[in-house]
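The values are calculated or read from the model by the stated rules, or taken from the named source; none is laboratory data. The shown structure was predicted, so the numbers you read here are calculated from the model rather than taken from an experiment. Note that we place each Cβ from the backbone using ideal geometry, even for glycine, and neighbour counts take in every protein chain shown. SASA here: full protein model, heavy atoms, side chains in, ligands and nucleic acids out. Shrake-Rupley method; radii C 1.70, N 1.55, O 1.52, S 1.80 Å.
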Amino acid sequence: MLFNKNLLAIPQLLCAAALFCSCSNADSKAAGNKNSSDSTQTEQAEVEKVNPFEPVDSAKYHKLQKYLANGDTTGKWPVKKDVLPGNGAILPFNRIIAFYGNLYSKKMGALGEYAPKQMWKMLDAEVAKWNKADSVIKAIPAIHYIATVASGTPGKDGKYINRMPDKQIDSALTIAKMHNAIVFLDIQVALSNLRAELPRLEKYLKLPNVHLGIDPEFSMKTGARPGTKIGNYDAVDVNYASEYLAKLVKENNLPAKILVVHRFTQGMVTNYQNFKLRKEVQIVMHMDGWGEPELKKGTYRNHLYKEPVQFVGFKIFYKNDLKKAPNRLMTPDELMKLTPKPIYIQYQ
């Protein structure tokens with residue numbers, strides 16, 4: 001089993017009424033005609049409402065999915081129940097290279113450890129390495145910001161959770177804008193749940209460049225304090241998050257969203273076969289553990305390859321991956337040999 005990530009305890013942060021009126025027979029008739037006209041105009045507007053983002057090339061999509069399967073002959077990859085995504089889908093037409101972290105902490109990842117200019121110099125270098133390793137799928141940068149952080153202390157509501165203020169999330173979006181990068185907002189629910197926490201981020205998730213990450217490690221359904229045990233998400237939880245995003249996509253005419261689900265043990269994610277795939281949401285199962293190369297590859301085979309969902313991600317820890325022999329980071333060339341090839345790469 002891979003070691004779980006460091007948990008940092010950081011300080012706790014902080015109708016319309018309807019108007020009714022009565023009408024005379026003549027007024028009612030006039031109102032009826034007006035309502036009929038309004039209804040027709042509304043229906044026409046709905047017909048004319050077209051998603052402005054580029055439709056997906058189905059032939060290219062399936063070709064790239066086969067490419068990512070990397071010659072798998074078991075029938076697991078590409079996934080049988082895959083669905084063609086909606087307009088503006090990022091995957092598999094791009095490989096996402098993300099820096100992870102929180103702006104309050106230098107210990108939670110590169111995103112908070114380095115000043116924006118230095119961070120961007122490092123991230124751009126990683127993107128360049130991936131574009132050199134794979135000429136088929138273009139690598140693009142991303143900021144993966146932990147917007148809801150599990151804590152070691154209960155806080156005022158007893159949920160062991162620190163919710164980042166809007167000004168910090170806004171800062172993460174500003175950093176991303178420096179290089180026209182997409183953004184992931186990550187949720188560690190602790191003793192709370194997705195139903196309670198997702199609405200807090202809805203105004204950001206309505207933006208076309210903002211996507212979602214959810215972390216089972218810190219979903220403490222047993223009531224245990226975060227960091228003392230590894231948490232869990234079931235297919236019911238993942239489907240809830242996916243449905244939530246799909247609703248936002250449809251109601252706000254957005255491009256397809258990406259949902260990243262972290263994983264590094266068998267029990268962290270249950271009933272993967274019940275995941276529901278939707279054209280509005282692309283699901284990435286992300287190998288989130290740290291350790292030496294052979295241990296990481298073993299986790300990838302045992303938990304992600306064997307339980308196919310849709311797309312696969314892989315995480316590199318700049319420090320923790322160096323703790324054991326051979327004391328080196330895995331390279332893009334090495335990761336390109338995995339089956340399937342990862343399409344989302346995260347650096348912490």
**Item:** Checklist (1) at pLDDT 95 or above; (2) surrounded by fewer than 23 Cβ atoms within 10 Å (Cβ to Cβ); (3) closer than 23 Å to HIS144 by Cα applied to GLN273, failing item
**Value:** (3)
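Table: residues versus (1) among the polar types (S, T, N, Q); (2) over 21 Å from the mean Cα position of the chain (by Cα); (3) under 29 Å from ASN51 (Cα atoms).
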site: ALA256; (1), (2), (3): no, no, yes
site: GLY267; (1), (2), (3): no, no, no
site: ASP288; (1), (2), (3): no, no, no
site: ARG301; (1), (2), (3): no, yes, no
site: LYS319; (1), (2), (3): no, yes, no
site: ALA325; (1), (2), (3): no, yes, no
site: ARG328; (1), (2), (3): no, yes, no
site: TYR344; (1), (2), (3): no, no, yes
site: TYR347; (1), (2), (3): no, no, no
**Message:** Please go through (1) at pLDDT below 95; (2) within 30 Å of ASN70 (Cα to Cα); (3) charged (D, E, K, R) for GLU113 and return the number of the only condition it doesn't satisfy.
**Reply:** (2)
**Request:** Output the residues belonging to the stretch 101-132 that are under 19 Å from PHE184 (Cα atoms) and part of a helix (DSSP H, G or I).
**Result:** ALA110, LEU111, GLY112, GLU113, PRO116, MET119, TRP120, MET122, LEU123, ASP124, GLU126, VAL127
**Complete:** Scanning the stretch 86-107 for residues that are open to solvent by 10 Å² or more (accessible area, probe 1.4 Å) and not β-branched (Val, Ile, Thr) gives GLY86, ASN87, GLY88, ALA89, PHE93, ASN94, LEU103, TYR104, LYS106, LYS107
**Message:** I'm told ASP134 meets every condition in (1) open to solvent by 10 Å² or more (accessible area, probe 1.4 Å); (2) among the acidic types (Asp, Glu); (3) more than 22 Å from GLN273 (Cβ to Cβ) except one. Can you identify the failing condition by its number?
**Reply:** (1)
**Item:** Enumerated helices (runs of 4 or more DSSP H) restricted to the stretch 180-262, each holding at least 1 residues that are buried (at least 23 other Cβ atoms within 10 Å of the Cβ)
**Value:** 235-252
**Asked** Looking at this structure, is ALA142 in contact with a helix residue (DSSP H, G or I) (Cβ under 6 Å, 6 or more places away or on another chain) and surrounded by 14 or more Cβ atoms within 10 Å (Cβ to Cβ)?
**Response** no
**Prompt:** Between a first residue in the stretch 58-74 that is modelled with pLDDT of 95 or more and a second residue that is part of a helix (DSSP H, G or I) and not charged (D, E, K, R), which pairs have beta carbons less than 6 Å apart while being 6 or more apart in sequence or on different chains?
**Reply:** none
**Residue check for GLY267: open to solvent by 40 Å² or more (accessible area, probe 1.4 Å) and either part of a strand (DSSP E or B) or under 22 Å from ASP157 (Cβ atoms) (or both)** = no
**Request:** Determine if the stretch 318-330 includes at least one residue that is of a type in the set (D, E, K, R), surrounded by 13 or more Cβ atoms within 10 Å (Cβ to Cβ), outside any strand (DSSP E or B) and touching a strand residue (DSSP E or B) at 6+ places or on another chain (Cβ under 7 Å).
**Result:** yes
